[in-house]
Amino acid sequence: MTVSNSPITKSLERIVCKGAPQTNPLGCGEWLSHEGYREDSGASGSQQRVKIGGLQAGFQPAFLSQILELFRYLLSLAKRKKGFSTLDIPRIFNISESAHRIHNPFTADKFATLGAALRLEPETRVLDLGSGSGEMLCTWARDYRINGTGIDMSQLFTKQAKLRAEELGVADQVEFIHDDAAGYVADEKAGVAACVGATWIGGGVAGTIELLAQSLHPGGIILIGEPYWLRSPPTEEIAKGCGAGAISDFLTLPELVASFDGLDYDVVEMVLANQDGWDRYEAAKWLTMRRWLETNPDDDFVKDVRARLTSEPKRYAAYTREYLGWGVFALMAR
Ligand SMILES: C[S@@+](CC[C@H](N)C(=O)[O-])C[C@H]1O[C@@H](n2cnc3c(N)ncnc32)[C@H](O)[C@@H]1O
């Protein structure tokens with residue numbers, strides 16, 4: 001594995017975002033560009049953004065906390081080196097999606113359809129950045145005998161992916177690595193390189209395609225899972241209700257498909273989610289949160305989970321379900 005941008009360099013430009021959602025309607029993607037969250041820094045989800053890149057901005061009150069944050073980050077790097085990784089996604093997603101096998105609006109049949117549509121040959125190597133709980137790789141390893149590697153920043157999801165591989169008897173075909181996938185380039189080239197619902201890893205769709213292309217055999221297939229507007233939201237307010245930062249964050253389906261043209265890629269397949277899939281992804285979080293609240297009444301994260309459980313069904317029904325589509329697009333370079 002080669003990580004092209006060194007963590008130290010990144011630390012100077014990154015935004016450490018503890019649970020403060022950046023915009024992405026997919027829950028576990030809501031949060032971030034590509035940086036970590038440390039469970040050991042009082043992970044009650046208290047929300048604070050610290051921009052380490054502001055170090056040169058003079059001696060301000062924020063300066064000390066920035067130094068402290070950099071120190072913590074370096075400490076976490078040292079711990080990672082010793083095998084005590086504290087890198088993780090914000091806790092809310094590890095709680096609300098702990099019972100999910102698939103962390104996006106796809107259902108099992110959609111992944112099966114996609115696998116069949118790609119006409120996967122046995123022993124095809126598949127790379128998956130943001131692999132979640134590993135359902136795509138594990139089921140394709142079982143059904144199409146592919147080999148694969150998944151990288152994910154959630155400790156819990158990575159653990160679940162390994163268990164799923166064992167459960168399906170494919171642990172010798174797929175490996176799951178807990179890490180930040182930003183800048184990840186595989187040593188061994190893949191026939192399929194995927195990022196299914198986590199394109200912030202490459203700074204957006206174009207950047208993620210560029211990143212995945214570095215791990216791909218000539219003639220290989222890139223998979224991009226991405227939201228699009230089913231219909232353009234009439235106001236910015238509605239876009240925000242969908243989890244977007246602005247209307248301009250997403251394209252309509254025709255625009256998204258056309259955008260691959262501009263990147264010099266052929267769209268060779270696509271499988272789209274539907275509202276039932278969105279319901280499985282979103283509504284499944286609610287019961288998980290409710291159960292978590294019942295079993296963890298004294299946890300200092302209760303307030304956050306309670307607030308989310310109260311607001312999410314209404315928000316989802318009013319906005320995401322009505323305005324947002326999601327699909328996986330298979331691309332081949334021209
Ligand atoms: C919307 S989910 C999709 C998961 C998976 N592709 C699936 O279909 O189930 C996004 C995933 O990206 C992971 N993630 C977020 N930022 C990441 C990063 N910088 N590096 C690796 N994984 C990341 C999250 O932990 C989560 O599993």
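The values are calculated or read from the model by the stated rules, or taken from the named source; none is laboratory data. All values derive from a computational prediction rather than experimental measurement. Backbone-built Cβ (ideal geometry, glycine too); neighbour counts: all protein chains shown.
Residues in the stretch 166-179 that are in contact with a helix residue (DSSP H, G or I) (Cβ under 8 Å, 6 or more places away or on another chain) and within 14 Å of the ligand (Cβ to nearest atom): V174, F176, I177, H178. Could you tell me whether the stretch 206-213 includes any residue that is touching a Cys at 6+ places or on another chain (Cβ under 7 Å), within 16 Å of the ligand (Cβ to nearest atom) and in contact (Cβ under 8 Å) with a residue 12 or more places away in the chain? For the stretch 206-213, residues touching a Cys at 6+ places or on another chain (Cβ under 7 Å), within 16 Å of the ligand (Cβ to nearest atom) and in contact (Cβ under 8 Å) with a residue 12 or more places away in the chain: present. Among the residues making up the stretch 264-309, those that are out of contact with any strand residue (DSSP E or B) (no Cβ under 8 Å at 6 or more places or on another chain) and assigned to a loop (DSSP other than H, G, I, E, B) are N274, N296, P297, D298, D299, D300, F301. Across the stretch 304-330, the number of residues qualifying as among the polar types (S, T, N, Q) and crowded, with 20+ Cβ neighbours inside 10 Å comes to 1.
Considering the conditions (1) in contact (Cβ under 8 Å) with a residue 40 or more places away in the chain; (2) over 20 Å from the mean Cα position of the chain (by Cα); (3) within 16 Å of the ligand (Cβ to nearest atom), I224 is excluded by exactly one of them, (2). Right, L137: more than 9 Å from the ligand (Cβ to nearest atom), of a type in the set (A, V, I, L, M, F, W, C) and either under 25 Å from V267 (Cβ atoms) or at pLDDT below 95 (or both) or not? Taking the combined requirement at face value, the residue satisfies it.
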